[in-house]
Amino acid sequence: MSGRTNATRLSPEEGVKSFQEIESTLTPVQATIEASRCLICENPPCNIGCPAGIDIRGFIRKIRFNNPWGGIRVLREANILSGVCGRVCPTEALCEEECRSQVLTEPINIAALQRYLIDLERERGPRKRSPAAQREEKVAIIGAGPAGLAAANELALLGYSVTVFEGSAQPGGAMVSAIPSFKLPDDIVEYEIDQIKKLGVQFKLDTPLSEKLTIDDLFEQGYEAVFLAVGLQKPFALGIEGEDLEGVYTALDVLAEATGQRSSQPVKIGKRVVIIGGGSVAMTAACSAVRMGAERTTVVCLEAPDEMPAFAEDVLLAWEEGVQFITRARALRFLGDGQGQVAGIEGVHIEWKQSGSFVPENAVDLEGSGFTIPCDTVIVAIGQGPDENAIKQFQGLKTNPRGYLLVDEETLMTSRPGVFAGGDILHNPASRTVVQAVAYGKQAAQSIHQY
């Protein structure tokens, strides 16, 4: 059995020079060779690993037997954001993780094959999709991120009149505000949103849920159901000395700057940058900082390399691009230069009180392990939660103490009949990835249809 076929990538030396997309698309010959490695399993484990429910064996088989449009149809029937997911989905932890066999030395390059088909569709033009007969019922969707978009697509195909209310000036959510173009070019997102618009879905931008537009207002306007897919917009703070110094930013602000979106404050990346956090957002912020002019970029995180919550592909990219890592460590305070500008961080190495629990409450400082890192920029990337303004507009919907919405796990209905929720705003999402958000959007659409 031949080895795995990978697409051409920019070298790290070339990649860091700009925000150009790092990885290219497989050629038709490469795609056919890679698809021919697939064993076409009778009970394909890869299908189980896809939250969006794509028939992975099915679309790979279509490539293998020279039926690309059949493969595109398989993808589009399951995931309207297949082009996005072919680029940013952590397949190594999902479908490719399940693709294991004694015959295969490496799993099939599922993401690259998926991307190949959608890029072929973009090149040749999409086939027209026809929704079901128009229904009288109207559905409102709050949030134009992946969960909201997936729900809008499914409901429009079912014949509903769908309006998506988005608080920002551009639909796409984190796909356009937190994933830079070296991983996901904007035109990919725009192309797939355009496929949703062609179904008749209406978008009202710069229109967040607020005192001017409440859930009650939507029902009074004749909407039969509301789907809340607002995402998480409030970055968590460390709560340590010096966090208010100039040059200390949140990852969301840095990524907004990197993607050309509006940030909550002006961002100026210096020459020596420290990123606090060990997740994939921290890795993306680190790689963005390199492209924005940083000469030395260091990640400081609580976890050891094999404990980090970031996906392996994101950690590897940061390492290849010269990012340095200080692991099993935490920041104690940020140091100023006496004029209000950050000049460094003080930190300490840690160990875990109990194994297997990688949270701050389980960390114990190691005596005598303190360190100082000179820097002129700090990026705090330790996650985000529900925004207080969004919570106020939930109008009595049940949440957990931190503001995440509580829903019925099967239907995604909230404590208010007719109001559904999905995506990152849930109190216990299976994961916070684009593909999982798509799965929630599809699930919500079916529940709304049955409601």
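Things worth noting here:
- Residues that are surrounded by 15 or more Cβ atoms within 10 Å (Cβ to Cβ) and either outside any helix (DSSP H, G or I) or touching a residue at least 60 places away in the same chain (Cβ under 8 Å) (or both) within the range 94-105 comprise Leu94, Cys99, Leu104, listed in sequence order.
- Whenever a residue of the range 335-351 is free of Cβ contacts under 8 Å to residues at least 40 places away in the same chain, its partners that are outside any loop (DSSP other than H, G, I, E, B) and among the charged types (D, E, K, R), lying with C-beta atoms within less than 7 angstrom and at least six residues away or across chains, give the pairs Glu346/Arg333; Val348/Arg330; Val348/Asp365.
- Selection status of Ile63, outside the structural domain of Ile188 (by TED's automatic domain parsing), in contact with a Cys (Cβ under 7 Å, 6 or more places away or on another chain), surrounded by 24 or more Cβ atoms within 10 Å (Cβ to Cβ) and closer than 19 Å to Asn6 by Cα: no
- Entry remark, the range 375-404: residues being in contact (Cβ under 8 Å) with a residue 24 or more places away in the chain and outside any loop (DSSP other than H, G, I, E, B) number 10 in total.
Table: residues versus (1) surrounded by 19 or more Cβ atoms within 10 Å (Cβ to Cβ); (2) over 18 Å from the mean Cα position of the chain (by Cα).
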| site | (1), (2) |
| --- | --- |
| Leu252 | yes, no |
| Ile276 | yes, yes |
| Thr297 | yes, yes |
| Val300 | yes, yes |
| Glu303 | yes, yes |
| Leu316 | no, no |
| Gln324 | no, yes |
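- Filtered residues of the range 136-157 (kept if outside any helix (DSSP H, G or I) and over 15 Å from Gln446 (Cα atoms)): Glu136, Ile142, Gly143, Ala144, Gly145
- Matching residues, the range 79-93, being touching a residue at least 60 places away in the same chain (Cβ under 8 Å) and in a helix (DSSP H, G or I): Ser82, Gly83, Val84, Cys85, Arg87, Val88, Glu92, Ala93
- Inspection of the range 67-81 finds a residue satisfying the criterion of being closer than 28 Å to Lys442 by Cβ, modelled with pLDDT of 95 or more, loosely packed, with under 15 Cβ neighbours inside 10 Å and out of contact with any strand residue (DSSP E or B) (no Cβ under 7 Å at 6 or more places or on another chain).
- Selection of the range 1-22 for residues being within 24 Å of Asp55 (Cβ to Cβ) and of a type in the set (D, E, K, R) yields only Arg4.
- Where a residue in the range 428-441 is in contact (Cβ under 8 Å) with a residue 24 or more places away in the chain and crowded, with 18+ Cβ neighbours inside 10 Å and its partner, wherever it lies, is part of a helix (DSSP H, G or I) and of a type in the set (D, E, K, R), with Cβ under 9 Å and at least six apart: Gly441/Glu154
- Residues of the range 387-441 that are more than 24 Å from Val162 (Cβ to Cβ) and touching a helix residue (DSSP H, G or I) at 6+ places or on another chain (Cβ under 6 Å): Gly403, Ala430.
- Residues of the range 415-426 that are crowded, with 24+ Cβ neighbours inside 10 Å and in a loop (DSSP other than H, G, I, E, B): Gly422, Gly423, Asp424, Ile425.
The values are calculated or read from the model by the stated rules, or taken from the named source; none is laboratory data. All figures in this text were calculated on a predicted structure; none of them were measured in a lab. Neighbour counts run over all protein chains shown; Cβ positions are idealised from the backbone, glycine included.
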